[in-house]
Structures are given as C-alpha cells and as structure tokens.
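Accompanying notes for the structure given below.
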Amino acid sequence: MKHAAGWRAPALSAALFLLFLGVWHALTLPTGAQQSVDSEYARLVGAAAAAGQKSAMPGLREVASKIREHLKEPFYDRGPNDKGIGVQLAYSLARVIAGYLLAALVAVPTGFLVGMSPTMYRALDPFIQVLKPISPLAWMPLALFTLKDSSVSAVFVIFICSLWPMLINTAFGVASVRREWLNVARTLEVGPLRTAFRVILPAAAPTIMTGMRISIGIAWLVIVAAEMLVGGTGIGYFVWNEWNNLSLTNILAAILAIGVVGMALDQVLARLTRLVTFPE
Amino acid sequence: MNDPLIRVDGIAKRFPARGGAGTAVFENVHFAIEQGEFVCLIGHSGCGKTTILNILAGLEPASEGYVFVAGREVNGPSLDRAVIFQSHALMPWLTVAGNVAFAVASRWRGWNKAKVRAHCQRYIDLVNLTGSERKRPAELSGGMKQRVGIARALAIEPRMLLMDEPFSALDALTRGMLQEEALRICRETRQTVFMITHDVDEAILLADKIMLMTNGPCAKIAEIVVNTLPCDRNRHDLHRHPHYYRIRNHLIEFLVGRSRAFDEEAAARGYDPRHPPVVKPGLGEAMPEVSGAHAARPQPGAKSLRAVVN
C-alpha cells in the first residue's frame, strides 16, 4: 500500500496538470467563425482576436515561448519600462527581504520581552488585536507622506505586515515554555540571560519559526499589490505595466514566476523550522 | 548536638478562598533531616507533598514557617539542593550529555569544555547510560530518561537530593531496577535524600525514615516511622525479614484508615505537631527520637503492631 502511494500522488499531479493544459489549449483555439465585435475592443486586442478567429486569451504555445524568452534573458535592462523579469523579481525580493528582516529585528526581541511578562502580554494584547487586521496597504498613504519615498514606503508596508505574525508567535512561544524547564534552570541558579538564550529560546524556537514562515508568505503576497501602487520597479509593477500594454502573455508568465518564488521562500523557511524543531 | 542538615519549622501553605481566610493545604509541618539520611514522605494525593518539596527546593514560598539548610534560611532555589522531577524535565533539544553538561556548567562556571565533559561522563557512567551520551531524550525509554534526570541532579554534587515521585511514571520492572540503582548510588555517595512517594514498598526499600502525612485539607505529619530493616537490605530478600510486614502493615493501615480520621486520634492522644511520634515497628513502644536510631538491630519477640500504634 505504502509503496503504491509513493508514485500515485505525483502521477495524479501530472495528470491534473495535463488536463489543465488541455482545457486551456482547447479554450484558446481559434474558432474560425466571423463575429461582429465592438470597434474599440478590436483596436485594443488586435484584429484577429476581435474578428473572433483567435482567442484574446493567449494560447499555450504563446505563453510557453514567452516564458522561454524570459528565461533566456531574465536580467536585461532597457530603460524604466523594459526590464527583464529577473530584474523585477530581484527588486521585489530585495524589498521583501529588507522589510522582513527589519520586522524580525523588532518583532523577535519585543515578542520575547512581551512573552516573559504576563502583565505586558495582557497590556499589549488590545493594541496588537487592533493593528493586526489592518490591511498593510492602508498604511501606504501614511508611509508615502512621512517617508516621502515610494520605494522605502513599499519596504515599510512589508515591515508592518511581517511584524504581527512574528510578534504574536514569539510572545506565545516564550509564554508557553514548559514550567518544568524553567524550574530546572532556577534550581541550577542559571542567570536570566543564560536562561533566555539556553532554555527559553530553544524551547520557543519552533513557534517563533512558524511565525516567521507565516510572515514571509504574507510579505510576498503584499509586495505585488504594494508595487502596483508605488510603481517604478518590481514584479508587481511589471504585472501592472503589462496590463497597460495589454500583454496577457507577459502577465501569465509573471504570475507563474510569483508563484514559484513564493514557494521557494516558503521552502527555505520550512527547512529552517525543521532545523530548530525537536521531537518531544 | 549538631544542627540537622534540613530543619523545617512550622510551614503551611494556604490558598486564598473567596471571602475570608484561605484553606490550608497543610499546616504546622515540622521535621528535620540529618546529613546522610534518606527520608520518604508518604501520603495521599492532594495533601501537599509536592508543595512541601517545592518549598524545600525554594521554587515556591511557604505561606508560613521557615526552612533552614545547615542553619541558613531558604529563600530561593539553590545548587545545594538538586531536584529530580516526576516528569524528568529533560530539555528535548539537548543530548543526554548536553542535559548533564548544562547542569555542570551552571554549577562550575569557570570549567573548560574538557573538564565539564569528563565530569558529566562520570555521572552518565554511574547511572549506566554509557554509550547513550549522544542520544536525544526522545530516543530514550522512560527509565533511561529518569536516569538522565538522576545523573543531572547528582552531577552538581548537591548537599541534598529532592525527588518528587521519581519512579511513579515507570513500569514495574523498570521501577524496580531504578530503585535498586538509586539505593546503590545513595549508599555509595552517602547522599542526603528527601523523596516523595505513594509506593509503600519503595519507601521501605529506600528510606531510613518514613514520614506519614494525613489527608488534606490541613494535612500534617502524623508520625515518623523508622525503618527497622537492616541497612544492607535489597529488593530480593526484603520481604523475608520479620520486620518487613510489620512496617508494611503499619504504613498501609495508616494510608487506608488512619490518614482520613487522624484529627480524632490526635485529640485523643495529645498529638504535638512539633514532635510527631516516632514509631519503630518491631522494636517496642513508640518512643522519643534517639539519634542514630536507624542503625538499630532487629529484636526477637517484639510487641505486636497494635501495641506499637496505640
């Protein structure tokens, strides 16, 4: 049974993928029939599509060749509106990593202190509960006004959205360290700093890392929207720019790239979480 | 006369109740433990045994009364008193050697790595865990985990060992083996031990003195039973000794019946919590405490149990 299950899931995945490609291909085939189409629309999407001979949605072959094109030359830079997809992804990644690391620098130590003191935990809880559900993009105007720089504002938005899961998980992880481990440290007359680093930190590390994994996922979700707003560079801006260019092929390629990078980020954090997790 | 190693002076623990004075879990608890003595505290659950141990360890404050270790008052945990926890309390992210080394490095801050490792190895060998140093607690059986707990406690060379039902979570076979090892180690190291248990046979095997605690609330120490079995007793021929059943029956009679209605008995007899009666099953009348009593030899023709108790 176990042996069979080993190849069944990947085979099913492959079959589903082929089915998806098949449906896509069938839906985007040229129909051949003449249709009357609004002239404005015809001008926008091209004569062939407007006439109905060709679907406005790009076909499999077009997207595949576009992706090949991007992969062949991902890092070209021909002015502000024509950069390779790799360059745009690099801009986005740089913003995400900067905002994320800043958030970690603030959230982990703060969460640690909050988790150690039940009074602080209860005192700060209402603030966190109010601030947490605010869409990070709502901070954008405030950031643009105070920071006066669109790129820094995007980093700030990433910072604020990564902050809460890390802060809450760190505080929770620290607060729920088993009493008996703390008692061991107390009977051994271990100082507070050594207790923090040798007992509380390793005990809370899996919970902290889970928060960091949630944060990186949210940060990668938010960066696309943030860059659509601030513009200039980044994968979000790329998607918006290609929408203005009406290149759905490029948008589909970018969507795929966003998904793959997001998965890679999650996997890195999952690997790190496994490193600090201990079996009970 | 020298001061005892541990002197417990009228401790009580009260929990605040809604509206008015709190109920006492136990009160007026007095006892002393001499250097090198193995003392067991036996009683039903809920009478505050673990709380007494935590107060001795300095992990919890007493609501009333004082605890003195070698004449100095306890006001917090100390490396003097090592605790072996019921749930072993090993840190799962450290190896066996790492868990012991954490304690050793806390005891002797200035030691280098090699010295710490050599010291840990001695105690890992002592509890027969040689070869498992690099394993993590999750890879160990319950008995092995508790051995690590014992090694960690002994490795800091405490003046006193506090054990909170250390073997109660183990199966009967493992428990028996660990009890024998505890007996061997304590004899070798002349360790002073205070242990909580509700296993009568464990107490008879290990303890020099067994303190009987009444049921809560307002639990107190009813009696101190001196173990009249020879010092070199072991698990295999323990039950053949004529005193064994005298002690055992006495303990069981207390746990089953007298612990519940001790207050009436105390009133009828003029019980003084400062000096709970000392009983020596098989050695005649209840008598005031005599130092070195636990080295006494059994006597033939001792009075019956009833006579001893009443």
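Per DSSP helix of 4 or more residues, -39500 (n - 2.57); summed, then divided by the residues of chain A. What does that give at 222 nm, rounded to the nearest 500? Present the calculation step by step, with values, prior to reporting the outcome.
Values: 13 runs with 212 residues, N = 280.
Calculated at 222 nm, the ellipticity per residue is -25000 deg cm²/dmol.
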- Take peptide B:75-85, look around each residue's Cβ out to 10 angstrom, count Cβ atoms belonging to other protein chains, and average those counts. 3
- Packing-based order for A:205-213, B:181-189, using average beta carbon neighbours within 10 Å, highest first: A:205-213, B:181-189
- Message: Among B:PHE15, A:LEU272, A:THR170, which residue has its Cα furthest toward the positive end of the charge dipole of the protein assembly as shown, with +1 on Lys/Arg Cβ and -1 on Asp/Glu Cβ?
- Response: A:LEU272
- Query: Looking at this model, which pairs from B:LYS113/B:LYS145; B:LYS115/B:LYS145; A:LYS66/A:LYS132; B:LYS13/B:LYS209; A:LYS83/A:LYS148; B:LYS49/B:LYS115 are more than 30 angstrom apart at the alpha-carbon?
  - Reply: A:LYS66/A:LYS132; B:LYS49/B:LYS115
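Restricting to bridges with both residues inside chain B, how much of the DSSP beta-bridge set is antiparallel, in percent to the nearest 5?
Values: 19 of 40 bridges.
The answer is about 50 percent antiparallel.
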- Task: Would you kindly derive the ³J(HN,Hα) couplings of segment B:33-42 from the backbone phi angles with the Karplus curve 6.51 cos²θ - 1.76 cosθ + 1.60 (θ = phi - 60°), listing them in order in whole Hz, with x for Gly and Pro?
- Result: 10, 7, 3, x, 8, 10, 10, 10, 10, 10
- Note on the structure: Which residues qualify? For B:LEU129, with a placed amide H closer than 5 Å and at least 5 residues away or on another chain, they are none
- Pseudo-spin-label distance A:ALA94 to B:ARG187, built 7 Å along Cα→Cβ, given in nm, is 7.5 nm
- Per-residue ellipticity at 222 nm for chain B, helices alone: DSSP H runs ≥ 4 residues times -39500 (n - 2.57), over residue total, nearest 500 deg cm²/dmol? -9500 deg cm²/dmol
- Task: Go ahead and set up a Gaussian network model of chain B, Cα springs under 10 Å, then flag whichever of B:SER259, B:SER141, B:SER132 fluctuates most.
- Result: B:SER141
- Message: Can you find, among A:LEU137, A:SER39, A:LEU246, the residue sitting farthest towards the positive end of the charge dipole of chain A, where Lys and Arg contribute +1 and Asp and Glu -1 at Cβ?
- Response: A:LEU137
- Query: Where is the GNM fluctuation largest for chain A (alpha-carbon springs, 10 angstrom cutoff): A:GLU69, A:GLU40, A:GLU242?
  - Reply: A:GLU40
- Where the centroid of each part is defined by its Cα atoms, how far is segment A:212-280 from segment B:11-69 in Å? 59 Å
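To the nearest 20 Debye, how big is the dipole of segment A:85-277 about its Cα centre, given +1 on the beta carbon of each Lys and Arg and -1 on that of each Asp and Glu? Could the numbers behind the result be given before it?
Values: 12 positive and 7 negative charges, 130 e Å.
For this selection, approximately 620 debye.
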- Query: With labels modelled as points extended 7 Å from the Cα through the Cβ direction, what inter-label distance (nm, one decimal) is found for A:LEU105 paired with B:SER168?
  - Reply: 5.1 nm
- Taking the simple approach of a point 7 Å from Cα along Cα-to-Cβ for both B:ARG269 and A:MET263, what is their distance in nm? 7.7 nm
- Listed by chain and number, the residues whose amide H is under 5 Å from that of B:MET163, excluding neighbours fewer than 5 places away on the same chain and using placed H, are B:ILE84, B:PHE194, B:MET195, B:ILE196
- Query: Antiparallel as a % of all DSSP beta bridges within the protein assembly as shown, to the nearest 5?
  - Reply: 50 percent
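Taken together, the values in this text are just the output of simple stated rules run on the coordinates, not laboratory data. None of these values were measured; they are calculated from a predicted model. Heads up, the Cβs are rebuilt from the backbone with ideal geometry, glycines too, and the neighbour counts pull from every protein chain shown.
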